[in-house]
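Down below is the structure, laid out as structure tokens.
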Amino acid sequence: MEYSTQYRTLPCVVVRGMAPLPNNDSRIEVGRKISLKAIEESEKSFSQYVLVLIQKNPYIEEPNIDDIHKIGLLAKISMKIKLPNDTYKVKFNYLTRVKVNEFLLIDPYFAADYEEIKGYSSDSEEEAVLLKMVLNAINEQGEFVLNNNSQINEKIAKGLDSDKLADLIAFNLKVPENTKYRYVEELDVNKRLKFILEDIEKQNMISNIEQKINEEVKKAIDENQKEYYLREKMRAIQNELGDRAKREEEIEELREKIKTSKMPKNIEEKAINELKRYQSTPSQMAESGIIKTYLDFLTDLPWKKASKDSNDLKKVKNKLDENHYGLENVKERIIEYLAVKIKTKKNPQTILCLAGPPGVGKTSLAISIADALGRKFVKQSLGGVKDESEIRGHRRTYIGAMPGRILKGMKDAGTVNPVFLLDEIDKMSSDYKGDPASAMLEVLDPEQNARFSDHYLEEPYDLSQVLFITTANYLENVPAPLRDRMEIVELSSYTEHEKFQIAIRHLIPKQLAAHGVTNKEFKISDEAIYYIIQHYTREAGVRELSRYLGSLIRKAIKEILIEGKENVSIDIKNIVDYIGKPKFMHNLADLKDRIGTATGLAYTAFGGDTLPVEVTYYKGKGSIVLTGKLGDVMKESAMTALSYVKANAVNFGIDPTIFLENDFHVHVPEGAIPKDGPSAGITIATAIYSAVSQKYIKKDVGMTGEITLRGEVLPIGGLREKSIAAHRSGLKTILIPFENQRDIDDIPDEVKKELTIIPVSLVSEVFSNAFR
């Protein structure tokens, strides 16, 4: 039977220490990356067909094409099971012999051009005689020379031709695998049948020799040897009894743990039943280890043990003030939240979500809360989690099953009331394995989490005493039902003054301690710290600032040790020598007033930023081109802005024909970065009006606001961050929607002192203040 496939080129799996043959199948543990990649490609693109090739030297870990026999097998993958050690158990059905003509690919997996080759008989009369001799030998000695003798006899009874029969018997011969390759490369059926007879005879000779030696040794044993043999037997029995005693001791220890763990009655009964199963299961069976792991997990979980809360709100406030500079509104909200908890003696009905850009102190706030309350702190990062079983665990029927992250965190905490931080909850996603966000609904809902269900535990677990705190960078990525269960506490960007104070109070002492340097050996001026903040970092938080300070300290250590200096002082004059040229020039005062370029203000997951918008026009038919990787909402804002300027061209003293005879191009620089949102509407309108009227826009004016076709300016979000970005960039005036006046109080005082903030309700007011 031919097994032709539509593929003339196939991925290759290279095996070692075995010789597969057609019309057989085998299960092979595959662990080498090059083979795993070949299997993956076969499943994806080649209908699970592969070439199975045999390695010449089984001890070579990474073979090249010279280390591989050119005669191999065409096979089809029929089953694949993942093992706990990241390898796979793969079942191959071997179809026919093949010859490799040429290797077309060697990385990341082998792939080869091949042709199928068939077996033949050189002499039909000789074939019949050889076949009869082989069958007689199998009938007489099959049990001793073959693996799976009964199955082979069943197949022989059904009728097989000589070619298939030779391959079937050769594959199951009890001979060393490294001697079997001759069966693979030999196409003559008669020769293969002769090989079988030779191997059977060789096995008989070996068996007879072994039997003779055993008989001679048995006769040669004297009384001393008998005594030695009996003593060794006795020692083995004693060891076995000792192992059993050890296992009994282990079982009693588990029984005691179950009784003292104070778990609920129904779970305790289940644990006792599992313990009985463990006691009756032989230790050699895999099931024994699975039950033992489950019982260890049950007894390690906290069921009643709780840490005693500190109800001193002053201590909590002092701890937060000690560890965090600024964030007054955030700390006030946390203290209010904890006050309710202390008063009611139970967790509030809402979960705190600390939302803000990276590096503003969300995680450290949660640690401070745990520290102040005297509770254990547990953190689980949810970034990249896209499998529901990561939260709820795996059912114990699966190999390598584990509990979910929630119960694993509880086990690590060792108490039923830790502060549990679920970090980066906005980074979860979902796939065909389930939606982890849906599982989180049960975790974060106080009405449900008293009976949290983990698939591994298989029983409800009480999470009602846990103080859950979540963090997020971008709330838009958090599903609405999940967001509804949380109270959002927003942490906004730090001002330059706040960053300076954090550096002085926290970052520099922390870096000095980490590098083993005293404040006498390393000094840095205030001006130098401000210079780093302004010209080397562009972030909402302080992580990059901390890294630069660490770099400065390391360079100072090098000078102290190599050049013998007693101390190193960093100031504005020598800072460039240590950390290189400035990366950012935030001050826009050096720029000139321009036509067709307006400065907008944006709010991103990393804080506020300035957003320049450029507009130009050229001969065309009145269309608009939008570039800069803009989202749909921002594109619509640009179209609205153009329509507004077109509709009011006469009022603005602009010739309307300019819009009919020209195409307009709106570009937002940094084109690789996605941008979206409606708040750039008035910025785009201002840039378009400037381009067609040839009026200069003031270099130190920034703006933000959504535009309507009637020229109204609608409110926006993130005013605090946008104002900080404007101040950081050297702008002197910002134009904001009139309805955002209520948010001006949120802007830091040092920013308000240096910015002129002008509320506007119409685009015409924007034009009045934006042009010189």
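The values are calculated or read from the model by the stated rules, or taken from the named source; none is laboratory data. Here the structure is a predicted model, which is why all the values come from computation and not from measurement. Here the Cβ positions follow ideal geometry from the backbone for every residue, glycine too, while neighbour counts run over all protein chains shown. Accessible surface areas use protein heavy atoms only, side chains included; no ligands, DNA or RNA. Shrake-Rupley method; radii C 1.70, N 1.55, O 1.52, S 1.80 Å.
Here are the numbers for this structure:
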quantity: Looking only at the range 484-499, and only at residues there that are open to solvent by less than 20 Å² (accessible area, probe 1.4 Å) and not small (Gly, Ala, Ser), the one that is nearest to residue 350 (Cα to Cα); calculated: 486
quantity: Matching residues, the range 116-137, being out of contact with any strand residue (DSSP E or B) (no Cβ under 8 Å at 6 or more places or on another chain) and either at positive phi or surrounded by 14 or more Cβ atoms within 10 Å (Cβ to Cβ) (or both); calculated: 126, 127, 130, 131, 133, 134, 135, 137
quantity: Among residues of the range 423-475, those that are within 17 Å of residue 377 (Cα to Cα) and assigned to a loop (DSSP other than H, G, I, E, B), counted; calculated: 5
quantity: Count - residues of the range 382-422 that are outside any helix (DSSP H, G or I) and either farther than 22 Å from residue 471 by Cβ or open to solvent by 20 Å² or more (accessible area, probe 1.4 Å) (or both); calculated: 18
quantity: Flag if residue 728 is crowded, with 16+ Cβ neighbours inside 10 Å and in contact (Cβ under 8 Å) with a residue 60 or more places away in the chain; calculated: yes
quantity: Selection within the range 343-353 - open to solvent by 60 Å² or more (accessible area, probe 1.4 Å), in a loop (DSSP other than H, G, I, E, B) and not charged (D, E, K, R); calculated: 349
quantity: Selected residue [out of contact with any Pro (no Cβ under 6 Å at 6 or more places or on another chain), assigned to a helix (DSSP H, G or I), surrounded by fewer than 19 Cβ atoms within 10 Å (Cβ to Cβ) and not hydrophobic (A, V, I, L, M, F, W, C)] from 523, 510, 592, 583; calculated: 510
quantity: Total residues in the range 169-190, condition open to solvent by 10 Å² or more (accessible area, probe 1.4 Å), assigned to a helix (DSSP H, G or I) and closer than 19 Å to residue 145 by Cα; calculated: 7
quantity: Count - residues of the range 691-750 that are part of a loop (DSSP other than H, G, I, E, B), closer than 14 Å to residue 600 by Cα and within 42 Å of the chain's Cα centre (by Cα); calculated: 8
quantity: Condition met for residue 240 (at negative phi, modelled with pLDDT of 75 or more and either hydroxyl-bearing (Ser, Thr, Tyr) or in a helix (DSSP H, G or I) (or both)); calculated: no
quantity: Top-ranked residue of the range 108-125 - restricted to ones that are of a type in the set (S, T, N, Q) and touching a residue at least 12 places away in the same chain (Cβ under 8 Å), ranked as nearest to residue 75 (Cα to Cα); calculated: 121
quantity: Among (1) more than 30 Å from residue 11 (Cα to Cα); (2) surrounded by 13 or more Cβ atoms within 10 Å (Cβ to Cβ) - the single one residue 140 does not satisfy; calculated: (2)
quantity: From 435, 445, 371, residue being over 30 Å from residue 317 (Cα atoms) and open to solvent by 20 Å² or more (accessible area, probe 1.4 Å); calculated: 435
quantity: Residue ranges of helices (runs of 4 or more DSSP H) in the range 245-342 with at least 3 members under 30 Å from residue 505 (Cβ atoms) and out of contact with any Phe, Trp or Tyr (no Cβ under 8 Å at 6 or more places or on another chain); calculated: 313-323
quantity: Residue check for residue 574: open to solvent by 20 Å² or more (accessible area, probe 1.4 Å), farther than 21 Å from residue 362 by Cβ and free of Cβ contacts under 8 Å to residues at least 12 places away in the same chain; calculated: yes
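Every residue, every condition in (1) touching a strand residue (DSSP E or B) at 6+ places or on another chain (Cβ under 7 Å); (2) open to solvent by 20 Å² or more (accessible area, probe 1.4 Å), yes or no:
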position: 624; (1), (2): yes, yes
position: 645; (1), (2): no, no
position: 664; (1), (2): yes, no
position: 668; (1), (2): yes, no
position: 706; (1), (2): yes, yes
position: 710; (1), (2): no, yes
position: 716; (1), (2): yes, yes
